[in-house]
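Notes follow once the structure below has been shown.
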Amino acid sequence: MADYDFDLFVIGAGSGGVRAGRLAAQLGKRVAVAEESLPGGTCVVRGCVPKKFLVYGADYGASIREAAQYGWTVGDVSFDWPTLRDAIQKEVMRLSGIYSTILEKNGATLYRERAEFVDDHTVRLTTSGKTVTAETILVAVGGRPWAPNIQGAEHAIVSDDAFTLERLPERALIIGGGYIACEFAGIYAGLGVKTTQVYRGGRLLNGFDSEIRDEVGEVQAHNNIDVKFNISPTEIKKTSGGYIVTFDDGCKIGTDLVFMATGRKPNTETLGLENAGVDIDASGAIIVDEYSQSSVKNIYAVGDVTNRVNLTPVAIREAAAFVETALKGKKDAYDHSNIASAVFTRPPVGTVGLTEGEARREFGDKVTVYTTKFRPMKNTLSGDPQRVFMKLITEGRKERVIGIHIVGDDSGEMIQALGICVKAGLTKKDFDTTCAVHPTIAEEIVTLKPREINKTTVVT
Ligand code: NDP
């Protein structure tokens, strides 16, 4: 048997890579992890974590305004971007430090440089030039923002840049209708930026339940976001006072910041995968089987680089299953069904399971849909007209719950618990026989009534 430097070499110290590296080191394996940026990856350094802090920051503005109805006298209020930005960066650095420490404390070697494949058992560390061999290699390099190459594209920022802006613009133009575009439009508008969101389709959040997509359109409008549909940018021109963006219908929009939130791509370019014989698909994603094993038997990949379900907790579960399979000899395939997730618009979206469209395609007329829309108690006093929308989808005579979709305060928190119910295959009767927690928003989920017949045509 060949004598390798390490039992496991992990490329990428993000959510998936760190989990796999730590678990492997705890098994007594000789582990090395390479990271060219800060340990913690997209989620901790330039994604979920700093984004959620920005959402909290934006929410304070609304809370301060609404506090008057609750008896508070609030004086002059202003927002200072550098204070929030720097506080978030400080926390990001603290968390990133914890990620390094977790690896090192468990005995893994952390190389703070880029690694590229030389062959199927060898990587080269590109700063030091050192080559290292390993019996098993895990690729966990994540993804990176992608933007269309229109004229003047260099003037636009992407999500990586959004957390460290020198100053907050007066006007922001966000291109895209997905997770990042919707979330950042909500953040900027909440921080007082005059925000326009432009989407090439007719409804935001492609792939979500169609009623949720309509509700999110209303949420954005409620937050004073000017949402424009069915146009795409063709050119960005810098002017003395900002930028002028031209669209394919001929319209022009002036702004101080152009933010391309037009998707992400697996980070496989120049990784040398061809030297190891690892197959990738047309999007650049590493092709893996249900055990995260690539076309080369000692090379595995987890997380966004495989473009399965691009969420941090999924990468972590895939990493744990990889350790079971590749290092403990117990085949473990992570089940990607019924993954709950949240979109942190303001208020957020919580979703798990099938959309109504998917449910009807799979189960036809065996589907029953329950919905409600109501003004949450807090808003009746504050005067905020924002309502909560809830939707529950069942299938069959036993009414197994196969989808839950919510737009409203705390839906990101609710959907974690509701995700357990859907994953466990609970029925509408289980919901009906569960006593409500009063007074909460969540209690409405156990008292839902069927949606009126005339609305059952809403399917996409
Ligand atoms: P998404 O795929 O969610 O959205 C990309 C958006 O860009 C879509 O609206 C897409 O339109 C649009 N678009 C694509 N190409 C073009 C183009 N050439 N011109 C104009 N518009 C274009 O990607 P994001 O970058 O927002 O997020 C990436 C992933 O990261 C998400 O899918 C999610 O998995 C994860 N994520 C999760 C979060 C969470 O859990 N809260 C938060 C942020 C990201 P169309 O819909 O028509 O294709």
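Counting only residues that are among the small types (G, A, S), assigned to a loop (DSSP other than H, G, I, E, B) and within 14 Å of the ligand (Cβ to nearest atom), how many does the range 211-248 have? Number of matching residues: 1. Within the range 46-63, none of the residues are more than 16 Å from the ligand (Cβ to nearest atom) and basic (K, R). Restricting attention to the range 162-175, and to residues there that are within 12 Å of the ligand (Cβ to nearest atom) and crowded, with 24+ Cβ neighbours inside 10 Å, which single residue is farthest from W146 (Cα to Cα)? Out of the qualifying residues, it is I174. Go through the range 206-218 and give me each residue that's buried (at least 24 other Cβ atoms within 10 Å of the Cβ) and closer than 22 Å to V258 by Cα. Result: V216, single match. Quick check on the range 300-309: of everything there that is buried (at least 24 other Cβ atoms within 10 Å of the Cβ) and of a type outside the set (S, T, Y), which residue is farthest from the ligand (Cβ to nearest atom)? Per the criteria, the residue is A301.
Among the residues of the range 196-210, are any under 17 Å from Q386 (Cβ atoms) and either assigned to a helix (DSSP H, G or I) or more than 9 Å from the ligand (Cβ to nearest atom) (or both)? No; the residues of the range 196-210 include none that is under 17 Å from Q386 (Cβ atoms) and either assigned to a helix (DSSP H, G or I) or more than 9 Å from the ligand (Cβ to nearest atom) (or both). For the residues E395, E452, E399, the requirement of being of a type in the set (D, E), open to solvent by 10 Å² or more (accessible area, probe 1.4 Å), over 24 Å from the mean Cα position of the chain (by Cα) and more than 19 Å from L354 (Cα to Cα) singles out E452.
Just wondering, is there one or more residues in the range 178-187 that are near the ligand (Cβ under 10 Å from one of its atoms), of a type in the set (G, A, S) and in a helix (DSSP H, G or I)? Yes, there is a match, as at least one residue in the range 178-187 is near the ligand (Cβ under 10 Å from one of its atoms), of a type in the set (G, A, S) and in a helix (DSSP H, G or I).
Name every residue in the range 228-267 that is in contact with a helix residue (DSSP H, G or I) (Cβ under 7 Å, 6 or more places away or on another chain) and open to solvent by less than 30 Å² (accessible area, probe 1.4 Å), in order of residue number. Listed by number, the residues that qualify are I236, V258, F259, A261, P266. Highlighted here are the strands (runs of 3 or more DSSP E) found entirely within the range 249-316 that include at least 1 residues which are of a type outside the set (D, E), touching a Ser or Thr at 6+ places or on another chain (Cβ under 7 Å) and in contact (Cβ under 8 Å) with a residue 24 or more places away in the chain: 252-255, 264-266, 299-301. Out of V49, V18, one residue alone is touching a residue at least 40 places away in the same chain (Cβ under 8 Å) and buried (at least 22 other Cβ atoms within 10 Å of the Cβ). It is V18. Examine the range 268-277 for a residue that is modelled with pLDDT of 95 or more, surrounded by 17 or more Cβ atoms within 10 Å (Cβ to Cβ), under 26 Å from the mean Cα position of the chain (by Cα) and within 19 Å of D7 (Cα to Cα), and state whether such a residue exists. No. Within the range 115-122, none of the residues are open to solvent by 60 Å² or more (accessible area, probe 1.4 Å) and of a type outside the set (V, I, T). Annotation note: of T83, T131, T109, the sole residue that is surrounded by fewer than 16 Cβ atoms within 10 Å (Cβ to Cβ) and under 21 Å from G21 (Cα atoms) is T131. Residues satisfying the criterion are present in the range 139-156 (criterion: under 30 Å from K328 (Cα atoms), more than 13 Å from the ligand (Cβ to nearest atom) and of a type in the set (V, I, T)).
Just one of (1) more than 12 Å from the ligand (Cβ to nearest atom); (2) under 25 Å from A87 (Cβ atoms) fails for E269. It is (2).
The values are calculated or read from the model by the stated rules, or taken from the named source; none is laboratory data. Just so we're clear, the structure is a prediction, and the values are computed from it rather than from any experiment. Cβ atoms come from the backbone with ideal geometry, glycine included; neighbour counts cover every protein chain shown. The accessibility values were calculated without ligands, DNA or RNA, using every heavy atom of the protein model including side chains. Shrake-Rupley method; radii C 1.70, N 1.55, O 1.52, S 1.80 Å.
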